[in-house]
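Written below as structure tokens is the structure these notes are about.
The values are calculated or read from the model by the stated rules, or taken from the named source; none is laboratory data. Computed from a predicted model, the values in this text were never measured in an experiment. For neighbour counting, all protein chains shown are included, and Cβ atoms are generated from backbone atoms with ideal geometry for every residue, glycine included.
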Amino acid sequence: MIFPTSPEIGGMGHAVKRKEDARFIQGKGNYVDDVHLPGMVFGHVVRSPYGHARLKSINIENAMKVPGALAVITGADLAAAGLAWMPTLFHDKQMVLATGKVLFQAQEVAFCVATEQYAAADMAELVEVDYEELPVLVDPHKALDPGAPILREDREEKTNHIFHWEVGDRQETQKAIQAGAVTAKVDAVFQRCHPAPLETCGCVADFNPVTGKLTIWLTSQAPHAHRTLFALVGGIPEQNIRVISPDIGGGFGNKVPIYPGYVCAVVASLKLGKPVKWIESRSENLQSTGFARDYHMTAEISADRDGTVKALRVKTLADHGAFNAAAQPSKFPAGLFSICTGSYDFPKAFCEVDGVYTNKAPGGIAYRCSFRVTEAAYLIERAMDVLAYDLKMDPAELRLKNFIPSDKFPYLCPLGWTYDSGDYPAAMNLALKMAGYEDLRKEQAEKRKKGELMGIGISSFTEIVGAGPAHTFDIVGIKMFDSCEIRIHPTGKAIARLGTKSQGQGHETTFPQIIAQELGIPQQDIILEEGDTDTAPYGLGTYASRSTPVAGGATAMASRKIRDKARKIAAHLLEVSEEDLEWEPGKFFVKGAPSKAKTIQEIAFAAYTNLPDGMEAGLEAVHYYDPPNLTFPFGTYICVVDIDKGTGEVKVRRFIAVDDCGNIINPMIVEGQIHGGLTEGLAIAFMQLISYDESGNVQGGNFMDYLLPTAVETPNWETGKTCTPSPHHPIGAKGVGESPNVGSPAAFVNAVVDALSHLGVRHIDMPITPWKVWQILQEKGIT
Amino acid sequence: MAKTHHVHIQLNGGTKEADVDPRLLLIHFIRDVAGQTGTHLGCDTTSCGACTVLLDGRPIKSCTFFAVQADGRKIQTVEGLTHDGKLHPIQEGFHQEHGLQCGFCTPGMMMSALALLEKNPNPTEEEIRWGISGNLCRCTGYQNIVKAIRYAATKMQQKGAAA
């Protein structure tokens, strides 16, 4: 239960308007490309046109004749400095600039620097690279074939196999599947796609040769971790590196890794002693940085005739491209994919994943996702629908029958996660009611009689967010805590700094609301800063919906440290003992005598002017919060579609989203996050695809080919909520940003398959384009 | 180096003169030559609309338009929306209705909204959705942008009626 605060205080639960809006609506945001420094020069990357080729020679002579040309950096130059390769976050390494050979189209080959942006691009055109083409491997299913070209000559193991990982009980699951009355099976590909934030990646690296200080303005979702990585890899003393993440134009996981372009800009700045700006073009963004998914999955569910599930077996092939640059900090090669039992009470489960190399861009990153939970949620929600069709059961009824019972939380799932809290039937029943589910089914039956195609898709997902507890997560050994430092000024106003970094989530508004809740200081009296490693406490950044579960916990705990000191000061001012005081947001008062009170503002002033003997002056605190467990938001989504038989076009008629993210800090912002995540889910289900032709040419490498939804294709979202607080989180919150993107793809696909299920259709891989649907209709003789 | 051209461009009520390379894109003129960085570059291919500005009152995508083409003409960007320190109703609408998150598409989106409302002061939801269909937003799912533009339409009509 959250103590209600007044609108003036604006604690948790108030739909406070965003503070950050003022600069953005007036064109005064400060994104990386807006940073302009005196003497700044510009970098441009030369990229490989081939998917796999030996690098024979690089001739920079003509490039250096361009007026304004300053330098061309090649892999050989970096190799001389020991920087041709850099470690990835998951036990692999990747080339910064190619040496020996190139392994994917658009791989970084050289870095041109000039006084003007256009001149740097001219130089890149004039760098002559001689390649010898090599056989290309694009199909991950062929990566382990005996005749497959071995891509990574740098590795000792001469194979394209990266890892095998398994979890659960293989034998018991096998037995349960053999013994089951029914086994439902689905083969599903979660396609390679890209988060495509509207701002691409980029940086300004500014090495000052006089002070020895390197300042990097960086599109970074994790500025502190990036500072440490630059220090460890580049050998620059960490105190001499300052990473500033200014305003970020959307991240969605794209801006978690360190990319070669950043390293090149830093090297160029060190070499030239000038600030160097490098900003990706959109094609560079889509072709080389931050792909996601590319999981080729099979799920089998064994069940009784009455629909009770008995076991789940999952086998997956993961295509990581040329380098395993998975930007994920868990201790497991497939991240949190083992959450694949979802919302259901499976007695047995087994999951195995094999990773392989191909001639594609390296990755993958977690696109609005906690490290493969999206793939897992999609798979189980698809498989449950297939089981429902096999059993001729209603998919809602099947889910309700198999939900983890609400009284079984905390719930240890067969693959090892302990779910903190949940009430799945409550979310499902609300969604069914909002949708008018029974009427929809009746309408569908009538439409089918008339030969019309209408589908209803359900997804009852369980999320796993808030990376994470130190025993399960780290980045180069650094535990995945996050932090908050709060300073209360003498006048009772405050500044707070966090180790996270907003990219549109509204932290400048929501985190002050937590402090307002905990201390009663009006939220508008609190400034929040993030993203400058010279000023903010160390934290691991914003991705995987971790800011609220982790930094939110830190913010509440730092506030409580301040409240503890404030209590001592209040007791001193009121001349009573601490035990005689009671707290409500904004003041301490004497038990039984509420008029004898000291406000937090009076206490703040006293912290600098009138302290008890022996107490240190000031009123501030810092807290590093290592969460005891992850949080498990959940929800039920229902999608209604109509299909045009003539064109195969799918129209999303309605979409009902019931989310449970525990206690809510700002309902306006939560709803906005849900709208946005659902729209990204819509894009994945129907549009987004990065594919490669047989020669390794990337398809979908610009916004003319990589389709994203506009306002016209996007439906109105109908949102609802239930509230099941996290029992272990200081403010009972769970996080919400990625839930709609995790839960919705299955709802869209289930709806389309549902519309065609009476024709025997059981699965369609994403993206579901009109062309795909039209082909199915032709095959089934529907016109 | 190609011969430069001297251009006068009326930008948000002032005039910016410069000798420019004929290939200089208008977006780079606005951002780098005139130093008004509110307009953003999102895709380079006229697809996303982050760079939308008004050219003589009509929306164009400044990433595929040369600065020399704008010589002698009038450009309005997000920086030209605020008057005498007062927010334009479209800016107010985006704030009140939570029509933005990361803010990167917002300047271009607001310029498209302005062009729409000047042509059609009382658009339906469908007309709004088509009116901004050249502008991508990756954060909001558009629903609150539609509301923001409705808010602005109502406010602008009230103002018009009062005047």
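Of note, A:Gly251 satisfies the criterion of being closer than 30 Å to A:Cys484 by Cβ, of a type in the set (Gly, Ala, Ser) and crowded, with 24+ Cβ neighbours inside 10 Å. Whenever a residue of the stretch A:501-526 is closer than 14 Å to A:His14 by Cα, its partners that are modelled with pLDDT under 95 and of a type in the set (A, V, I, L, M, F, W, C), lying with C-beta atoms within less than 8 angstrom and at least six residues away or across chains, give the pairs A:Gln517/A:Ile2; A:Gln517/A:Phe3.
One line per residue, one yes/no per condition, for (1) touching a Pro at 6+ places or on another chain (Cβ under 6 Å); (2) of a type in the set (Phe, Trp, Tyr); (3) crowded, with 18+ Cβ neighbours inside 10 Å; (4) not assigned by TED's automatic domain parsing to the domain that holds B:Ser62:
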{"residue": "B:Ser112", "(1), (2), (3), (4)": "yes, no, yes, yes"}
{"residue": "B:Ala115", "(1), (2), (3), (4)": "yes, no, yes, yes"}
{"residue": "B:Pro123", "(1), (2), (3), (4)": "no, no, yes, yes"}
{"residue": "B:Tyr151", "(1), (2), (3), (4)": "no, yes, yes, yes"}
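Scanning the stretch A:86-139 for residues that are within 14 Å of another protein chain (Cβ to nearest Cβ) and outside any helix (DSSP H, G or I), we see that the one that is farthest from A:Glu694 (Cα to Cα) is A:Thr115. Residues being of a type outside the set (Asp, Glu), assigned to a strand (DSSP E or B) and crowded, with 24+ Cβ neighbours inside 10 Å are entirely absent from the stretch B:15-29. Filtering A:Met668, A:Met704 for residues that are surrounded by fewer than 21 Cβ atoms within 10 Å (Cβ to Cβ) and assigned to a helix (DSSP H, G or I) leaves a single hit, A:Met668. Looking at the stretch A:227-261, which of the residues that are free of Cβ contacts under 8 Å to residues at least 60 places away in the same chain and within 13 Å of A:Leu214 (Cα to Cα) is nearest to the other protein chains (Cβ to nearest Cβ)? Among them, the one singled out is A:Phe230. Taking residues in the stretch A:583-608 that are on the phi > 0 side of the Ramachandran plot, and partners anywhere that are in a strand (DSSP E or B) and crowded, with 16+ Cβ neighbours inside 10 Å, the pairs with Cβ atoms closer than 8 Å and at least 6 places apart or on different chains are A:Gly586/A:Thr599.
When the residues of the stretch B:119-159 are filtered to those that are more than 7 Å from every other protein chain (Cβ to nearest Cβ) and hydroxyl-bearing (Ser, Thr, Tyr), which remaining residue is farthest from B:Gln96 (Cα to Cα)? The qualifying residue farthest from B:Gln96 (Cα to Cα) is B:Thr124.
Only a single item in (1) buried (at least 22 other Cβ atoms within 10 Å of the Cβ); (2) more than 20 Å from A:Phe230 (Cβ to Cβ); (3) touching a Ser or Thr at 6+ places or on another chain (Cβ under 6 Å) is not met by A:Ile58, and it is number (1).
Provide a single number: the residues in the stretch A:743-783 that are of a type in the set (Gly, Ala, Ser) and farther than 11 Å from A:Ala685 by Cβ. Residues flagged as of a type in the set (Gly, Ala, Ser) and farther than 11 Å from A:Ala685 by Cβ within the stretch A:743-783 amount to 5. Go through the residues of the stretch A:457-467 one by one and say whether even a single one is under 24 Å from A:Gly681 (Cα atoms) and assigned to a helix (DSSP H, G or I). No: the stretch A:457-467 contains no residue that is under 24 Å from A:Gly681 (Cα atoms) and assigned to a helix (DSSP H, G or I). Is it true that A:Gln221 is of a type outside the set (Gly, Ala, Ser), within 15 Å of A:Thr533 (Cβ to Cβ) and part of a loop (DSSP other than H, G, I, E, B)? Yes, satisfied. You will find that of A:Ala114, A:Ala84, A:Ala15, A:Ala22, the residue that is crowded, with 24+ Cβ neighbours inside 10 Å and in contact with a helix residue (DSSP H, G or I) (Cβ under 9 Å, 6 or more places away or on another chain) is A:Ala114 and no other. A residue that is without any contact (Cβ under 8 Å) to a residue 24 or more places away in the chain and either touching a helix residue (DSSP H, G or I) at 6+ places or on another chain (Cβ under 9 Å) or within 12 Å of chain B (Cβ to nearest Cβ) (or both) occurs nowhere in the stretch A:42-59. Tallying residues that are charged (D, E, K, R), surrounded by fewer than 18 Cβ atoms within 10 Å (Cβ to Cβ) and over 14 Å from the mean Cα position of the chain (by Cα) within the stretch B:35-75 yields 2. If you check A:Ala427, A:Ala431, A:Ala467 for being in contact (Cβ under 8 Å) with a residue 60 or more places away in the chain, touching a Pro at 6+ places or on another chain (Cβ under 8 Å) and either among the aliphatic types (A, V, I, L, M) or over 27 Å from A:Lys651 (Cα atoms) (or both), only one passes: A:Ala467. From the list B:Leu100, B:Leu54, B:Leu41, the lone residue that is within 11 Å of another protein chain (Cβ to nearest Cβ), in contact (Cβ under 8 Å) with a residue 40 or more places away in the chain, aliphatic (A, V, I, L, M) and in contact with a helix residue (DSSP H, G or I) (Cβ under 6 Å, 6 or more places away or on another chain) is B:Leu100. Across the stretch A:551-560, not a single residue is classified as charged (D, E, K, R) and in contact with a strand residue (DSSP E or B) (Cβ under 7 Å, 6 or more places away or on another chain). Looking across the stretch A:140-183 at every residue that is assigned to a loop (DSSP other than H, G, I, E, B) and over 35 Å from the mean Cα position of the chain (by Cα), the one that is farthest from A:Ala334 (Cα to Cα) is identified as A:Ala181. Which residues, taken from the stretch A:281-313, are closer than 30 Å to A:Gly68 by Cβ and touching a strand residue (DSSP E or B) at 6+ places or on another chain (Cβ under 6 Å)? Scanning the stretch A:281-313 gives a single hit, A:Gln287.
Only one of the numbered conditions (1) more than 17 Å from A:Tyr624 (Cα to Cα); (2) more than 14 Å from chain B (Cβ to nearest Cβ) is not met by A:Ser502, and that is (2). The set of residues in the stretch A:665-712 that are more than 9 Å from chain B (Cβ to nearest Cβ), more than 30 Å from A:Leu137 (Cα to Cα) and touching a strand residue (DSSP E or B) at 6+ places or on another chain (Cβ under 9 Å) comprises A:Ile665, A:Pro667, A:Val670. Test B:Thr106 against the criterion of being within 8 Å of another protein chain (Cβ to nearest Cβ) and among the polar types (S, T, N, Q), and give yes or no. Yes. Note on the stretch A:252-369: enclosed strands (runs of 3 or more DSSP E) holding 1 or more residues that are touching a helix residue (DSSP H, G or I) at 6+ places or on another chain (Cβ under 9 Å) are A:276-279, A:295-303, A:309-319, A:348-356. Residues of the stretch A:144-202 that are more than 14 Å from every other protein chain (Cβ to nearest Cβ) and at positive phi: A:Gly168 alone.
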